[in-house]
Amino acid sequence: MDADEILRLDLRHVWHPYAAVPAGVPAHVVCRAEGVRLTLADGRELVDGMSSWWAAVHGYNHPRLNEALRGQLDDMAHVMFGGLTHEPAVRLARTLAGMTGMDRVFLADSGSVAVEIAIKMAIQHDAGHRGRSTLLTVRGGYHGDTFGAMSVCDPVNGMHHLFSGVLPRHVFAPRPPAYGLDDDDPRLAAYLDELSALVAAHADELAAIIVEPVVQGAGGMRFYHPACLRRLRELADEHDVLLIADEIATGFGRTGELFGCDHAGIRPDIMCVGKALTGGYLSLAATLCTERVAARVGVLMHGPTFMGNPLAAAVANASLDLLAERPWRAEVAQIEAGLVAGLAEARDAPGVKDVRVLGAIGVIETHRPVDVAKIQDIVMARGVWLRPFGTLIYAMPPYACTPEDVDRIAAAMVAASGVL
Ligand SMILES: *Cc1c(COP(=O)(O)O)cnc(C)c1O
C-alpha cells in the first residue's frame with residue numbers, strides 16, 4: 001500500500017487513541033523505526049522524543065531484542081499458561097522478583113490489566129477478614145483505561161462524570177506537593193498532616209492505597225515529593241492497609257532510579273510494571289506482590305488467555321538483560337542534564353507556566369491547552385517526534401539517545417513553546 005492508501009483506509013476504518021472517528025487531525029504514516037529514529041512514508045526522519053509512550057527505552061529494531069523474538073518463535077509463539085509453564089515466563093518472574101524485592105509475579109497483557117489485578121489482589125486480600133473494597137489515591141493520577149483502573153485516575157482528567165453510574169467510588173487526597181520542595185517547607189508538613197487525617201478518617205473502609213510513585217504521568221506529568229510516598233507507607237502500616245505502587249511508567253530507570261519507590265526508599269505490598277518491560281516490543285505487564293499478601297489472597301480470580309505469552313516474555317528477558325548491561329543510570333543522568341539545559345530558555349516564554357525535568361522526563365507546561373497539530377508541525381520541521389496533550393509539551397526520550405539527539409528534542413520543545 002502506498003502512503004495515500006494507508007491514510008485513506010485509516011480515516012475510513014480506524015479508531016485512534018483518545019480520538020473521534022474520523023480523526024480531527026490525520027495520523028502520520030510511519031514505515032520504519034531504527035535506533036531512536038522514526039522514518040515517515042514521505043521520507044522524513046524524526047528523533048523519537050516519546051519512546052512510544054515510555055516503552056522503547058533501548059530504541060527500535062534492536063538486534064538483541066529481534067534475536068530474542070526470532071529465537072523464541074522457533075520454539076513456540078504461545079501456549080496456554082493454565083497448567084503449563086515455560087522457561088521465558090519463569091526466567092522473567094525470577095528477574096523481576098530479584099529487581100524489585102517482591103516475591104510473586106502475575107503476568108498480565110497490559111498495564112491497565114495489571115492495575116485491575118492489583119485491585120483484585122487487594123480486595124481478595126481483604127475479603128476473608130474485613131471485606132473492604134475502597135481504595136485511596138491522590139488527585140492527578142493515571143492508572144489506565146479499564147474501569148477499575150479508571151476509578152482511581154484523576155476524576156476530572158479521567159472524565160469520571162461520563163461513567164459515574166458504573167465507576168466505584170474511592171477516596172481522593174489532594175495533589176501532592178512538588179518534588180523539589182525543601183524537606184522542611186511548611187507546605188509539605190501541612191500536606192502530610194492532611195494525608196494522615198484523610199487516611200485515618202477512612203481507615204475502616206480502605207483495602208489499599210494506590211499511587212504512581214513520585215511521577216504522575218498521563219494525569220499531568222507532575223513530580224511529587226518522596227516524603228509523601230514515605231508517609232503513605234507509614235500510614236498503610238499503621239492502619240493495616242496495603243500499598244500498591246503503580247510503576248508502569250516509572251519503572252526500569254526512567255526517573256533516574258530503577259523504580260520510583262527507590263526515591264523514597266520504600267517497598268510496596270503490590271507493584272505493577274509494564275511499558276518499558278519489553279523494551280517497547282510487545283504488550284506485557286506484571287503485578288507483583290509479597291509472599292504475605294499472596295498467602296492471604298489465595299486463589300486469584302484472574303487468568304488472561306494470553307497470560308505469560310512466550311514471545312513477550314522472551315523479549316522482556318532480553319530487554320531486562322540489556323538494561324542490566326547498559327549504563328542506564330549515567331544515560332538517564334545525561335538526558336536529564338541535557339533537558340535541564342535545553343529547556344531552560346522556555347521558562348521566559350509568555351505562554352509557559354512551568355518547566356520541569358526529572359530523570360529522562362522533560363516537561364513544558366503551558367497556561368492554555370496546546371494546538372496539537374500546530375505543535376507537531378513545529379517539532380517535526382525540526383526533525384523531532386512528540387505527542388503533546390492538554391497543557392503539556394513533554395518528552396521521555398529513549399535511553400539510547402545521544403546528547404545531540406536530546407539537544408534537538410529540547411530545542412524543538414523550546415521552539416514550540418514560543419508560539420503558544
Ligand atoms: C500507561 C499506564 C498504565 C496503563 O498501561 P496500558 O498498558 O496502557 O494499559 C497504567 N498506569 C500507569 C502509571 C501508566 O503510565
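The table below gives the values:
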quantity	calculated
Those lysines that a straight Cα-Cα span of less than 22 Å connects to LYS353, excepting residues fewer than 8 apart in one chain	LYS374
Exposure proxy order (Cβ contacts within 10 Å, fewest to most) of PHE163, PHE223	PHE163, PHE223
DSSP beta bridges in the range 132-275 [antiparallel fraction, %, rounded to 5]	20 percent
Percent of beta bridges antiparallel (DSSP, the chain, rounded to nearest 5)	65 percent
The chain: calculated mean residue ellipticity at 222 nm from DSSP helix runs of at least 4, using -39500 (n - 2.57)	-11500 deg cm²/dmol
Label-point separation, GLU325 to THR146 (7 Å along Cα→Cβ), nm	3.4 nm
Where only C-alpha atoms are counted, convex hull volume of the range 103-258 per residue in Å³	122 Å³
Positive dipole terminus of the chain, leading residue within ALA333, VAL138, VAL79 (C-beta point charges)	VAL79
Per residue, the convex hull volume that the Cα atoms of the range 215-283 enclose (Å³)	91 Å³
All Cα pairs of the chain, percent lying beyond 34 Å	31 percent
Charge tally in the Cβ shell below 12 Å around PRO397, where Lys, Arg are +1 and Asp, Glu are -1, PRO397 excluded	-3
Protection proxy ranking, peptides 356-367, 270-281, average beta carbon neighbours within 10 Å, highest first	270-281, 356-367
Value of Rg to Rh for the range 98-165 (Rh from inverse mean 1/r over Cα pairs, i.e. Kirkwood)	1.01
Cα-based radius of gyration of the range 327-412 once divided by 2.2 N^0.38 Å, which approximates compact folds	1.03
Reachable lysines, given that their alpha-carbon falls under 27 Å from the alpha-carbon of LYS275 and they are not under 8 places away in the same chain	LYS120
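Read-outs throughout are calculated quantities, based only on the coordinates presented, and are distinct from any laboratory measurement. Quick caveat: nothing in here was measured; it's all calculated off a predicted structure. Backbone-built Cβ (ideal geometry, glycine too); neighbour counts: all protein chains shown.
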